[in-house]
Amino acid sequence: MAFLTTENASSSSSVPPSSTPGCIYEHDVFLSFRGTDTRNNFTDHLYYRLKQVGISTFRDDERLEQGTEINSGLLRAIDESKIAVVVLSKQYASSSWCLIELAKIVECMDKKKLTVLPVFHYVDPSDVRYQKGSFAEAFAKHENRFKDDDVKTWRAALTEVASLSGWHLKDK
């Protein structure tokens, strides 16, 4: 990822300000990921590299203050970020909370010009885009537990993010 080089560290604060008046940024980057899939490997490495080069990065287990409601704290962090890095892994869609985050990320992308950078972590982008494989299995369960409107919103968010240019991690 080119934006992680040491030469770019000084430019991390030069991410262009939002064109939306009144936007307040607390974080350069918000990391969205399924903890059971990537927390102790890829996401940890990415998080520490971003911190190392001086990029303010929000990751759910480090930045939520004790006593903060998880839902409101995470959604506020998304709203207060310039960039969202979405690590799409095999079990990402099995978490309704990841899908709620993703819907908020897409809302901010559309309304506030949040930059969204998808990382396809050992998944095919077309499986994400069209909800095939493990994504189809996850949605089969969600359709029985959640309102149709929520499921439609989550499907649309996955399709939109998976249609963006991103990074594909395979057996590297």
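So which of T57, T68 is at pLDDT 90 or above and farther than 23 Å from K147 by Cβ?
Of T57, T68, the one residue that is at pLDDT 90 or above and farther than 23 Å from K147 by Cβ is T57.
Going through K51, K82 one at a time, which residue ends up being surrounded by 19 or more Cβ atoms within 10 Å (Cβ to Cβ) and at pLDDT 70 or above?
It is K82.
Report yes if K104 is touching a residue at least 60 places away in the same chain (Cβ under 8 Å), farther than 28 Å from K170 by Cβ and of a type outside the set (F, W, Y), otherwise no.
no
Give V128, V106, V161, V151 a once-over and let me know the one that is β-branched (V, I, T), surrounded by fewer than 18 Cβ atoms within 10 Å (Cβ to Cβ), part of a helix (DSSP H, G or I) and touching a helix residue (DSSP H, G or I) at 6+ places or on another chain (Cβ under 7 Å).
V151
The values are calculated or read from the model by the stated rules, or taken from the named source; none is laboratory data. Predicted model only: the values in this text are computed from it and were never measured. Note: ideal-geometry Cβ built from the backbone for every residue, glycine included; neighbour counts use all protein chains shown.
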